[in-house]
Amino acid sequence: MKIYTKSGDGGQTSLLGGSRVEKYHIRIEAYGTLDELNSWIGLVADEYMHPDIINQLHQIQNLLFLAGSHLAAENEQAKSYLTPWPTDSTEALEGYIDEMTKHLKPLKNFILPGGHPVASYCHLARCVCRRAERIVVLLASEEQVDPGIIKFLNRLSDYFFTLARFTLFLTGSQEIHWKSTS
């Protein structure tokens, strides 16, 4: 099988279900942004030093791939071939966040992204996650989207914020506190 089909050369692509839409369609933007996020998570996982976190990141990547499949499905018939969205996905993220938070000092200031390269990658993943969430919410205002996916993305940005802080903790690096210029 060739990797190229040439079917998108005119600026359109196919949804799960068979319809063809422009490549700038909001549905394509939504699952394309999840793909971008998944790539950032791959970079974080490649650089991470804790095997439990790497396992979490791989689980998250699999869920994002599933979410993208759900967003690519144009109707219920197309979705019927997919694994249902797991109802416990957000709770799993909350458990990961709670476990990391046990090791962190209470947050008393806004913090700036940075302090260690892996923490910075986590912040980049957080920002892409928040953009993905905004796009999926926009898609949900026009078409049916499983609300569990939106909830998951909302919590996932919290996960990456916490993971950035946890990374600083693990590496002995310092948080950079935001200082008002006034």
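Laboratory data are not the source of any read-out in this text; all were calculated from the coordinates shown. Since we're looking at a predicted model, the values are computed, not measured. Cβ sites come from the backbone with ideal geometry, for glycine too, and all protein chains shown count toward neighbours.
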key: Value of Rg/Rh across region 110-151 [Cα atoms, Kirkwood radius]   = 1.17
Listed candidates (1) -0.26, -0.41, -0.60; (2) -0.36, -0.54, -0.75; (3) -0.30, -0.45, -0.62 - label of the one calculated as log10 I(q)/I(0) by the Debye sum over Cα atoms at q = 0.08, 0.10, 0.12 Å⁻¹ = (3)
query = About its Cα centre, what dipole magnitude does the chain give when the only charges are +1 on Lys and Arg Cβ and -1 on Asp and Glu Cβ, stated in debye to the nearest 20?
reply = 460
task = With springs connecting C-alpha atoms under 10 Å apart, model the chain as a Gaussian network and identify which of F160, F169, F110 has the largest mean-square fluctuation.
result = F110
key: Amide H contacts of I176 (H built 1.01 Å from N, under 5 Å, at least 5 apart or other chain)   = L112
ask   = What is the dipole size for region 127-182, taken about its Cα centre, with +1 at each Lys and Arg Cβ and -1 at each Asp and Glu Cβ, in debye to the nearest 20?
value = 260
task = Considering the options W85, G148, I28, tell which one lies farthest towards the positive end of the dipole of the chain, charges being +1 on Lys and Arg and -1 on Asp and Glu at the Cβ, about the Cα centre.
result = I28
Proximal lysines relative to K6, as straight alpha-carbon distance under 27 Å, when same-chain residues fewer than 8 apart are discounted = K23, K79
key: Debye log10 I(q)/I(0) at q = 0.14, 0.17, 0.21 Å⁻¹ for region 74-113, Cα point scatterers   = -0.58, -0.66, -0.78
request  = Work out from phi, with θ = phi - 60° and the Karplus expression 6.51 cos²θ - 1.76 cosθ + 1.60, the ³J(HN,Hα) of each residue of region 170-181, listed in order in whole Hz, and give x for Gly and Pro.
outcome  = 5, 8, x, 8, 9, 6, 9, 7, 6, 10, 5, 7
request  = Run the quick spin-label model on D52 and Q77: label points 7 Å from Cα toward the beta carbon, then report their separation in nm to one decimal.
outcome  = 4.7
task = For n ≥ 4 DSSP H runs only, could you compute -39500 (n - 2.57) per run for the chain, divide by its residues and tell me the 222 nm figure to the nearest 500?
result = -21000 deg cm²/dmol
remark   = Amide H proximity to A73 below 5 Å, modelled H, separation 5+ or other chain, gives L16
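Pop the C-beta distance of N154 and E36 into the FRET formula with R0 = 22 Å and round what comes out to the nearest 0.05. Can you show the working numbers first?
Details: r = 18 Å, r/R0 = 0.80.
Efficiency at R0 = 22 Å is approximately 0.80.
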Zone of F169's modelled label, taken as backbone nitrogen in region 119-144 under 15 Å from a point 7 Å along Cα→Cβ = 119
request  = Compute the acute angle (0 to 90°) between the alpha-carbon long axis of helix 51-72 and the principal axis of greatest extent of the alpha-carbon atoms of the chain; round to the nearest 10°.
outcome  = 30
ask   = Measuring from centroid to centroid over Cα atoms, what is the spacing of region 34-84 and region 140-179 in Å?
value = 15
key: Angle in degrees between helix 26-47 and the longest Cα principal axis of the chain, rounded to the nearest 10   = 40
request  = Quick one: angle between helix 89-101 and the longest Cα principal axis of the chain, in degrees between 0 and 90, rounded to 10, please.
outcome  = 20
